[in-house]
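A quick write-up on the structure given underneath.
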Amino acid sequence: MMKRERLPFTTLCYVEQDGKYLMMHRVKKKNDVNQEKWIGIGGHFEEGESPEECLLREAREEAGLTLTSYRFRGLITFQSAGWGTEYMCLYTADGFEGEVTECEEGELVWIPKEDIEKLNLWEGDKLFFHLLEEDAPFFSLKLSYEGDRLVQVVLNGIDQALEYSQ
């Protein structure tokens, strides 16, 4: 049987509760592109999944949560010579059932929103948080990296000259 190639589509969700986001500190997986970074919950689409199906499955698998209220906030295009191109559906969720469970990919921690920027984040992720906190309408964000360094930001088709991230 042939091994299926990973689809270049992912979801990422920031679950909100009491002024905090549920964040994952990626410290458990070997050879992890996100090693030591703080990210939301999410992952790669499986064959035939819609963005919402992927979102709901990943929330159950990674955090033990059943999301009951969520919003599709933006489409993020990641581009890097080393990693290729990936398309990420960005969500926030403010309703869920269940208790946060242990995750094999990292430590799940509720972080106050005002402390998020103190974490070891990808530079582009800081842009997500600015847009989410501004309650920006649905957006398209292209982030181009050279290694870990953010080299280009395009928001809704307009080059941003890295004004947020440097």
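No value in this document is a laboratory result; all are computed from the given coordinates. Keep in mind the model is a prediction, meaning the values are calculated, not measured. No Cβ is skipped: glycine too gets one built from the backbone with ideal geometry, and neighbour counts run over all protein chains shown.
Residue-wise HN-Hα couplings along the stretch 76-82, as the Karplus relation 6.51 cos²θ - 1.76 cosθ + 1.60 with θ = phi - 60° gives them from phi, are 10, 10, 9, 10, 7, 4, x Hz; Gly and Pro carry x. Think of it as helices only: each DSSP H run of n ≥ 4 in the chain is worth -39500 (n - 2.57), and spread over all residues that comes to -4500 deg cm²/dmol at 222 nm. Among beta bridges identified by DSSP and lying wholly in the chain, the antiparallel ones come to about 70 percent.
Distance between the pseudo-spin-label points of residue 134 and residue 154 (7 Å out from Cα toward the beta carbon): 1.9 nm.
Model label points for residue 109 and residue 17, set 7 angstrom from Cα along the Cα-to-Cβ axis, are 1.7 nm apart. In this structure the amide hydrogen of residue 139, modeled in the peptide plane, comes within under 5 Å of the amide hydrogens of 74, 75, none closer than 5 places in sequence on its chain. Applying Stokes-Einstein at 25 °C and 0.890 mPa s to the Kirkwood radius of the chain, computed over alpha-carbon pairs, gives a translational diffusion coefficient of 150 µm² s⁻¹. Over the stretch 108-166, Cα pairs under 8 Å with separation of 6+ residues give a relative contact order of 26 percent. Sequentially through the stretch 98-110, phi angles give Karplus couplings (6.51, -1.76, 1.60; θ = phi - 60°) of x, 10, 4, 10, 5, 10, 6, 9, x, 8, 8, 9, 7 Hz, Gly and Pro residues having no value and appearing as x.
Round to the nearest 0.05 the FRET efficiency obtained for residue 118 and residue 36 when R0 = 22 Å and r is the Cβ-Cβ distance. Provide the component values of the computation, followed by the final result.
Values: r = 14 Å, r/R0 = 0.65.
Efficiency at R0 = 22 Å is approximately 0.95.
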